[in-house]
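Every number here is computed from the coordinates shown, using simple stated rules; none is lab data. Owing to the predicted nature of the structure, the values given are computational and were not obtained by experimental measurement. As a convention, Cβ positions derive from the backbone with ideal geometry for all residues, glycine included, and neighbour counts pool all protein chains shown.
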Amino acid sequence: MRYPMRLPLFSPFGAAFALGASLLLLTAPAALAQLNPTPANPAPLGPPDTVQLKSGVRYVTTVPGTGERPAAGQKVWVHYTGRLTDGHIFDTSNITGKPLKFTVGAQQVIPGVDQVVAVMKVGQKVTAFIPAALGYGPVGQPDDAEEGGNAYRVPPNADTVFELELVRVAK
């Protein structure tokens, strides 16, 4: 019968093993927090290779743009599809085929979309992961078609995912 090799702590290998085990134990709570998020320590929204803005909005570029970036106060035209995190589409410009027109920084769209569009280039397509606080917040977006106001297109405190394409910036 073979027994596992024991490394004395005073040997170089034993010390390295002990140090590695100690570091693992120190980082385990942080790793577990990401696997088991709580309201006090939420997991980041979106895949790990996303760009994160200071506000917490994350995005990943799916098609790079080659045009200009919009400045605050400029009108932009944006194609979009808004989804809940379960994939349910709640709004899209693809129904009309016409992009949404708004002024950057004028609070005409939810803050998360405004912030991402401000860093995009014309022609760029991104997937944006928007936390509820920078989306529809605690109010959500009620479904206007429902009587009684108990149905929501976007439930209160729901994170959202937007596919965005910056089509044009006004000169």
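What nm value, rounded to one decimal, do you get for the distance between N94 and T61 when each label is placed 7 Å out toward the C-beta?
In this crude label model, N94 to T61 measures out at 2.3 nm.
Please sort 88-100, 49-61, 155-167 by packing, taking for each peptide the average over its residues of neighbouring beta carbons within 10 angstrom, highest first.
Order by mean packing, descending: 155-167, 49-61, 88-100.
Give the whole-number value, in cubic angstrom per residue, of the convex hull volume spanned by the C-alpha atoms of the range 104-147.
Taking the convex hull of the Cα positions in the range 104-147, it is 109 Å³ per residue.
Mind giving me the nanometre distance, one decimal, between the label points for Q107 and K75, set 7 Å out from Cα along Cα→Cβ?
2.2 nm
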